[in-house]
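Input: a single structure, listed below in C-alpha cells.
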Amino acid sequence: MHVHLLIRVVLVQCFIALSFLTLEAPAQEADEAPLLEGKAFIRKLPPQHKDDGGSGYELVYVVELPLDAYWWFKTDFDNDFLTTNKFIKAHRLISQDNNVAVTEDIFSDDLYPHKPNAKFRWQTTLFPTQYRLDFVLLNPAECGQKFHHGSIQLEAAGASGQKTKVTQTAYFDFFGVSFWVNYPWYGGMKYFLTYTAQWEQDIVLRLKSHYIQKSAQ
C-alpha cells in the first residue's frame, strides 16, 4: 500500500509541470468559442487568504440551457439525477428554507479513499437576482477536511443567450490536498472537474425540456 502511494507521488513529481500548464490557464479570460463548443477551463487558485492554507480552483464551462431554465436545474436540490455522476454514491435534500438549502452527499471511495462513506453536509445560499449560489461544507471535520466553501456564478452565453456560462470557484484544505490538486489522472482534481463539467453538460441536455417548462411557468 505504502509502496503504491510512493510510486504515485514520484509520478506526480514527474508530470507536475504538465499538470500546471493546464490548471493555470486563465479560465476567467478564456475565449468564448471553445467554451461554447463544450470545453471546460480549469485554473488552480492559491489560498483565498494568506494564512488559510489549502488550495482552490476556478472551473468555467457552458451548458446548452438558457439562464433562467438552468437556474431551475441548479437549484433543484431534491433530485435523483446527481447519483448518475459516477463520483456521487448518494444525495438527499435535508432542508430548504427560503433561499437556504442543506443537502447531503456521499462520494465514491475513488474520490475520498481516506473517508469512505463520509456524509458531506452542504449549505447552499441562493441569490436569485444575481444568479449566484454560495456553498459551504457544514461538517468538514467529519469529512477529513479543515474547510471547504465557494460560489457558483451563472450568466447568459452565446449570441442568442440560449446557453449559460457557469463559473465555479472553491477553496478547501485537507490532508494531502497538494497531491490531489496536482494529480493528473483518475481521481485527481483535474480529472474530477473535467468529468463533472462534461457530465453536467450531458445531463442538462437530457432534462432540457423539463426545466425550460418549469422556467416558463
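Brief remarks follow.
- The residue list 204, 177 contains one member that is aliphatic (A, V, I, L, M) and either more than 20 Å from residue 53 (Cβ to Cβ) or without any contact (Cβ under 8 Å) to a residue 24 or more places away in the chain (or both), which is 204.
- Residue 44 vs. criteria farther than 28 Å from residue 215 by Cα, buried (at least 16 other Cβ atoms within 10 Å of the Cβ), modelled with pLDDT of 95 or more and among the basic types (Lys, Arg): yes
- Being assigned to a loop (DSSP other than H, G, I, E, B), farther than 21 Å from residue 182 by Cα and either out of contact with any Cys (no Cβ under 6 Å at 6 or more places or on another chain) or not aromatic (Phe, Trp, Tyr) (or both) holds for only one residue in 38, 53, and it is 38.
- Looking across the range 45-77, just one residue is farther than 29 Å from residue 205 by Cβ and basic (Lys, Arg), and that is 50.
- Taking the range 63-89 as the range and being part of a helix (DSSP H, G or I) and of a type in the set (Lys, Arg) as the test, only 74 passes.
The values are calculated or read from the model by the stated rules, or taken from the named source; none is laboratory data. Here the structure is a predicted model, which means the values were calculated and not measured. Reconstructed Cβ throughout: ideal geometry from the backbone, glycine too, with neighbour counts over all protein chains shown.
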